Amino acid sequence: ALTFTAKLRTALQTHSSTGSERGWCLVGRAPSHVTPSYWADDDPVRYDERDGCGMWFAAVLHIEAVGGTVRASTDHLAVEGADEAVLWLAVDTSFTAYDILPRWSTKNPLTACEQRLRAATSLGYDAAYAEHLAEYQPRFKAAELLLNANLDPSWTDDLPTDQRLARVIQGRSDDHLERLLFQYGRYLLIASSRPGTLPANLQGIWNDEIRPPWSSNWTTNINMEMNYWPAEVTGLGECHTALLDFLKILAKTGATVAAKLYDCRGFVVHHNSDIWGTAHPMGDGDGLAMWSMWPMGAVWLCQHLWEHYRFGQDKDFLKNTAYPLMKEAALFVEDWLLEDEEGMLITCPSTSPENTFIDQRGNSVAVSAAATMDMALIREHLQSLCEAARILGKDQDSCRRWEEILQRLRPYQIGQAGQLLEWWQDVPEAEPGHRHMSHLYGLYPGTHLDVYTTPELTAAAEVSLRRRLAAGGGHTGWSRAWLMAFWARLHRPVDAEFNLRQFLTGSTLSNLFGNHPPFQMDGNFGYTAGVAEMLLQSHLGYLELLPALPPSWKTGQAVGLRGRGGFSVDMHWRDGVLTHVQIHSASGCGCGVRWNGSMRVTCEGQHVPVEQEGTVFRWATEPGALYQVDLVADSPS
């Protein structure tokens, strides 16, 4: 028999705890800068917009018991003598996603909770649970990674994760934990970013503080973007749409900021935003310019629109959503750029996010001109925009203008130590081990620096990485995860594996949350993306298989990883050598695979003609077709 009491509690102030038609509820209102003139006792979620009241919230707890009784008191529900009890909880606020003008909505969160509970309880527990599994499991099962011992069906490890992590910190290897953390990042993204919701923020949906670190906002100079790095490549493109929809709101608020603050066209986003789509500079205290004087957020976020298209090949999305927003961000860039004394186009003022250098007077300063990240973001954005215009067959005049801008952008510079410069001059760094590595954007997640076509610049990027690490860089979780992806793009498997282990031993909490400190979700998402980048790359227009396979992952399987062009790739390897490759083409795009050796491709047992361009093999595909790829290596790839 089950006998217990259940109640709702919150650290927030509540107006009333009252009975609901569905059970017991808690209703309150978030703090407001203006004290309302009255509380409407007859309707706990009514407000007058003129009073400037804060947002309402409501939670309703409903209990169904079998073989017992459920009684409601003034502050709890009591279950007595039951054989079975099911607790249903609904929570909502008066916020209406993206309904920001006017900022307050007339939505009644208590009514919304009760409606949701009616719908859920009418299904019953078994049906509701089955519905949940049907919605969740296809997303989670879209990708899988198995390593070494995981491939043995009889293999088990019953140690809880905190003990296993402690074992790794003591020096023992645990490739199952490395694999588990890869899938954990995917789980966290599924749980905190569904279509139609707000994007995943710094704490996901797991914040437990009234005033969370950084207000659980979205920091757009790396963290918000990193949250979505694993979305496309690990088969969670649907989860990406929460961010892409939010961009439509930023385009509205950012257009106002661009016009009023800078007298520019298009739209702008600075380093931070919130659920209201804030786009203006934010920050206070010392170092205000270092934090807030960074108007490149829209340019970076628009790359997510382009990447969503590259992976999914949805031309309607490109035409109706991605391209118009990308073009608006480019209008701001056109107006923001200035011509320097050499006739080059630069940004000024300019900062490298949250980092500083030493000026000629010995001061630590942040503001310069043509910071490398600005130039890299603009270069990547305009290149993508020109390609999108060509695909859509439109805006030829605009393309010529963008290509002219690309030719005139101030180029990358290499310093005396052989490093890729972060600012436009070779100046001393105030913090050589800084957590941000913004000047390497073009290497990752950007695509215009690579080991094949820009070897001198990528060599300089590697020097920058080693210098930063030697000075103590990578000390936050998300920074360490970014390092994993950098080394993967540089095809340095030993370095990639080292930073993967460092993430586990130095940046992972006992429940596997990534640690900043305090915890932030971006580290988990960055880890998952970094692992995927070690196993599959497609940013250069073809697939590259196992480009940075960690040496200890001798045998394994990666199933369902996605490549740009609408491809899904399954790979098996033994002793570091590929033994099985299958490629599914969703869109029918031509497929390319980089490989040092010979290649044979079949589809349903039939030979497929393949053309070779150096070390890249290409063939035509049919939508929905599955291709078996047999590889013979000439030399280790």
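The residue that is nearest to G565 (Cα to Cα), among those in the stretch 599-637 that are of a type in the set (G, A, S), at pLDDT 95 or above and surrounded by 11 or more Cβ atoms within 10 Å (Cβ to Cβ), is A620. Of all residues in the stretch 181-217, those being more than 25 Å from T14 (Cβ to Cβ), of a type in the set (A, V, I, L, M, F, W, C) and either open to solvent by less than 20 Å² (accessible area, probe 1.4 Å) or under 15 Å from the mean Cα position of the chain (by Cα) (or both) number 8. Within the stretch 589-628, the set of residues being more than 18 Å from L540 (Cβ to Cβ), part of a strand (DSSP E or B) and among the β-branched types (V, I, T) comprises V601, T602. For the stretch 173-198, the set of residues classified as farther than 29 Å from L549 by Cβ and basic (K, R) consists of R194 only. Taking each residue of the stretch 389-406 that is at positive phi and looking for partners that are surrounded by 13 or more Cβ atoms within 10 Å (Cβ to Cβ) with beta-carbon atoms closer than 6 Å, six or more apart or interchain, yields D395/A389. Of the residues making up the stretch 413-429, those that are open to solvent by 40 Å² or more (accessible area, probe 1.4 Å) and either in contact with a Leu (Cβ under 8 Å, 6 or more places away or on another chain) or part of a loop (DSSP other than H, G, I, E, B) (or both) are Q413, I414, Q416, A417, W424, Q425, D426, P428. From the list Y98, Y125, the lone residue that is among the hydroxyl-bearing types (S, T, Y), at pLDDT below 90 and open to solvent by 40 Å² or more (accessible area, probe 1.4 Å) is Y98. Of everything in the stretch 52-82 that is charged (D, E, K, R) and more than 44 Å from the chain's Cα centre (by Cα), the residue that is farthest from L8 (Cα to Cα) is E80.
Any chance the stretch 171-180 includes a residue that's surrounded by 13 or more Cβ atoms within 10 Å (Cβ to Cβ), outside any helix (DSSP H, G or I) and modelled with pLDDT of 95 or more? Checked against the condition, which is being surrounded by 13 or more Cβ atoms within 10 Å (Cβ to Cβ), outside any helix (DSSP H, G or I) and modelled with pLDDT of 95 or more, the stretch 171-180 yields no hits at all. Of all residues in the stretch 364-411, those being hydrophobic (A, V, I, L, M, F, W, C) and within 30 Å of P432 (Cβ to Cβ) number 12. The residues of the stretch 373-412 that are over 20 Å from T347 (Cβ atoms) and outside any helix (DSSP H, G or I), listed by number, are G393, K394, D395. Could you go through the stretch 508-515 and let me know if any residue there is under 30 Å from L626 (Cα atoms), of a type in the set (F, W, Y) and in contact with a strand residue (DSSP E or B) (Cβ under 6 Å, 6 or more places away or on another chain). The answer is no; no qualifying residue exists. Only one of the numbered conditions (1) among the small types (G, A, S); (2) in a helix (DSSP H, G or I); (3) within 18 Å of M521 (Cβ to Cβ) is not met by A200, and that is (2). Please verify whether A130 is farther than 30 Å from Y527 by Cβ, within 29 Å of the chain's Cα centre (by Cα) and not in a loop (DSSP other than H, G, I, E, B), treating the condition exactly as stated. Answer is yes for this residue. For the stretch 462-480, taking the residues that are closer than 27 Å to S538 by Cα, in contact (Cβ under 8 Å) with a residue 40 or more places away in the chain and more than 24 Å from the chain's Cα centre (by Cα), the one that is least open to solvent (accessible area, probe 1.4 Å) is identified as S464. Here D162 meets each of (1) in contact (Cβ under 8 Å) with a residue 60 or more places away in the chain; (2) open to solvent by less than 70 Å² (accessible area, probe 1.4 Å) with one exception, condition (2). Of all residues in the stretch 564-583, those that are within 15 Å of V632 (Cβ to Cβ) have Cβ atoms under 8 Å from Cβ atoms of residues that are of a type in the set (D, E, K, R) and open to solvent by less than 40 Å² (accessible area, probe 1.4 Å), 6 or more apart or on another chain, in H580/D570; V581/D570. Restricted to strands (runs of 3 or more DSSP E) entirely inside the stretch 1-71, those with at least 1 residues that are at pLDDT 85 or above and surrounded by 19 or more Cβ atoms within 10 Å (Cβ to Cβ) are 23-29, 56-66. Within the stretch 461-503, if we keep just the residues that are of a type in the set (S, T, N, Q) and in contact with a His (Cβ under 9 Å, 6 or more places away or on another chain), the residue that is farthest from Q416 (Cα to Cα) turns out to be T476. When L250 is tested against (1) open to solvent by less than 10 Å² (accessible area, probe 1.4 Å); (2) touching a residue at least 60 places away in the same chain (Cβ under 8 Å), just one condition goes unmet, and that condition is (2). The selection criterion, being open to solvent by 30 Å² or more (accessible area, probe 1.4 Å), among the small types (G, A, S) and within 30 Å of N596 (Cβ to Cβ), holds for A459. The number of residues in the stretch 487-513 that are open to solvent by 30 Å² or more (accessible area, probe 1.4 Å) and of a type outside the set (S, T, Y) comes to 11.
The values are calculated or read from the model by the stated rules, or taken from the named source; none is laboratory data. Given the structure is predicted, the values throughout are model-derived calculations rather than measurements. Every residue, glycine among them, receives a Cβ derived from its backbone with ideal geometry; neighbour counts consider all protein chains shown. For accessibility, only protein heavy atoms count, side chains too; no ligands or nucleic acids. Shrake-Rupley method; radii C 1.70, N 1.55, O 1.52, S 1.80 Å.
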